[in-house]
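Reviewing the structure listed below.
Just so it is clear, none of the values below were taken in a lab; they were calculated from the coordinates. Quantities reported herein were computed from a predicted structural model and do not represent experimental measurements. Methodologically, a virtual Cβ is constructed for each residue, glycine included, from the backbone with ideal geometry; neighbour enumeration extends over all protein chains shown.
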Amino acid sequence: MAKSVLNVEPRVRIGKGGSRKVRRDGLVPAVVYGKGMEAFNLRLDPKALQQAVATESGWNTLITLKGDGPFDGKVVILKDLQLDAIRRDVQHVDFLAINLKHKITVMVPVHPIGKSLGEKEGGTLQLVRHELEVFCLPTDIPTAIEIDVTALNVGDAVHLQDVTLPAGVEAPHDVNYTVLTVMGRKAEEVEEGEEGEEGEEIEDTEEESTEED
C-alpha cells in the first residue's frame, strides 16, 4: 500500500466566501472528517495534492496530514474531489480519516491480465466493471484486482464470485454481477455469409430455368 505526506493549513473562514478567497490565493479548500471526530476545514496546495496521490494506489494512497492543528498526523484517504466543469482545476477536496486497525470499504480498479482466446479469434474484451468495491484493512488495500483472461473464449464471462481476491480482502455484494466478458460476432457473420451463398445459388438456378424455357 502506497503512503505519502501532505502539508495542509487550517481554514478559519468557511462558507462560499471563504472558499472563493482560498481559491484566489491559489489554494484549494478541503475538509477532513471521520468516525468519532470533528470535521476540520483545511486549505492546501493543489500541486502538493497531485503529488500525494501520484502513486500506484491513486485515491487509495494512505496520506498523512501535516500542519498546525488537531488534524496533524491524521492518516486519510481521498474521498471526493470536485473539479471545475470547464477549467478542470480542483475546486474542493474531501478526506476521510481512517483507523489503520479498522476495515474500510474502498473502490479498487480491475486489471485484466493477458489476451483471451476469444480476442485472438476476433472477439473483444468488454470490461463491465472498471472498479470493484472491497472491504479490508487500509494496509491491505490492493493496488488493483488482477483477472487472468487468457483462457476465455467468445461468450465467456467472469462474475464477481469467480474473482480471486488477495488475502484479507473481501467483496461485499448481494448480486453476483458480471465483471468482464468476451464479446464477438464471428458466429453471426458466418451464418450471414452462408445465407448469402445459398441465396446466390437459388438465384442462379432460377435464371437457368428461365433460359431453358
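A few remarks follow.
- Counted by Cβ distance under 12 Å from residue 158, the other residues give a net charge of -3, where Lys and Arg count +1 and Asp and Glu count -1.
- Between the alpha-carbon centres of the stretch 50-95 and the stretch 106-142 there is a gap of 25 Å.
- Calculated Cα extents along the principal axes in Å (choose from (1) 69, 33, 29; (2) 49, 40, 39; (3) 101, 42, 28), label: (3)
- Positive minus negative residues near residue 141 (Lys, Arg vs Asp, Glu; Cβ under 13 Å): -3
- Helical runs assigned H by DSSP (4 residues or longer) give the chain a calculated mean residue ellipticity at 222 nm of -7000 deg cm²/dmol, each run adding -39500 (n - 2.57) before division by the residue total.
- Reachable lysines from residue 120, criterion Cα separation under 22 angstrom, eight or more residues apart if same chain: 186
- A straight Cα-to-Cα reach below 22 Å connects residue 103 with the lysines 3, 35, 74, 79, residues fewer than 8 places away in its own chain not being considered.
- Trypsin sites (Lys or Arg not before Pro) within the stretch 59-94, DSSP loop, no more than 16 other Cβ atoms inside 10 Å: 87, 88
- Across the stretch 142-151, rounded Karplus estimates of 3J(HN,Hα) from the backbone phi angles (6.51 cos²θ - 1.76 cosθ + 1.60, θ = phi - 60°) give x, 5, 7, 9, 8, 10, 6, 10, 4, 8 Hz, Gly and Pro being marked x.
- Environment charge of residue 63, counting only residues whose C-beta is closer than 12 Å and scoring Lys/Arg +1, Asp/Glu -1: +4
- For the chain, excluding the exposed loop sites themselves (GluC sites (Glu not before Pro), DSSP loop, at most 11 other Cβ atoms within 10 Å), the longest remaining stretch covers 57-213.
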